[in-house]
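Structure record follows, encoded as structure tokens.
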Amino acid sequence: MATLEQLAEELERSHAELEERLADPSVYADPREAANLGRRLKELDPALRAAREWRQASADLADAKGDPELSPIAGELETEVARLEDELRLALVERDPADAKDVIVEVRQGVGGDEAALWAADVARMLQRYAERRGFRTEVLSASESDGGGVKEQVFAVKGDGAYSVFK
């Protein structure tokens, strides 16, 4: 099993290789490849940032343990290193390939007549507002309203980078 330091080095190496490939003008002859490289580079950024912060905090901790004047802050640094280590491990988890895609959300009225239809309308409205606050676009694909002002069913698309990862 690779150590966290080895994983951080591999991450930096992968990031540098992607930047080098994107700097090559021949990559832009194929727009799909250029978009894929850009997307992959964007996916690596949070993990790279976490790796750099973790390395810096680890170096600070080593310095604090070696210097008697800095030893009082070693406890705080250990806590920070542990937090950054957890953040880095989470950032290194493989992403679902579908996470960047759009999603279709379907809300249906349950058993309960007009009350259930009103509740379904509220849920659909809440989900749409949530999506818009997260920076996604919503588009109602179909809606079947009830007589009492609610909805029997409503289907809407949530579009934007990462919509599926938020709504899955």
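Where a number appears in this text, it was derived from the coordinates with a stated rule and is not lab data. From a predicted model like this one, the values you see are computed outputs, not experimental measurements. Note that each Cβ is placed from the backbone with ideal geometry, even for glycine, and that neighbours are counted across all protein chains shown.
Working note: 222 nm ellipticity from helices only, DSSP H runs with n ≥ 4, each -39,500 (n - 2.57), summed and divided by the residues of the chain, gives -20500 deg cm²/dmol to the nearest 500.
For residue 127, what charge total do you get from the other residues with a beta carbon under 15 Å from its beta carbon, if Lys and Arg give +1 and Asp and Glu give -1? Spell out each step's value before the answer.
Details: positive: 108, 125, 129, 133, 134, 137, 159, 168; negative: 102, 106, 122, 132, 139, 153.
So the surrounding residues net to +2.
Between residue 165 and residue 23, the modelled labels are 2.7 nm apart [label points 7 Å from Cα along Cα→Cβ]. In straight-distance terms, cross-link reach from residue 42 covers every one of the lysines whose alpha-carbon lies under 23 Å from its own, apart from those fewer than eight places away in the same chain; here that gives 101, 159, 168.
Mean sequence separation of contacting Cα pairs (under 8 Å, at least six apart), scaled by the length of the stretch 4-94, corresponds to a relative contact order of 27 percent.
Stokes-Einstein D for the stretch 4-94 at 37 °C, 0.692 mPa s, Kirkwood Rh over Cα pairs, in µm²/s? Spell out each step's value before the answer.
Numbers: Rh = 14.8 Å.
Estimated diffusion coefficient is 222 µm²/s.
Only Cα sites of the chain enter the Debye sum here, all with the same form factor; the resulting log10 I(q)/I(0) across q = 0.11, 0.18 1/Å is -0.71, -1.07, listed in q order. The magnitude of the dipole of the chain, with charges of +1 and -1 set on the Cβ of Lys/Arg and Asp/Glu and taken from the Cα centre, is near 740 debye. Please report the relative contact order for the stretch 98-167, taking Cα pairs under 8 Å with a sequence separation of at least 6, and give it as a percent rounded to a whole number. Contact order relative to length: 49 percent.
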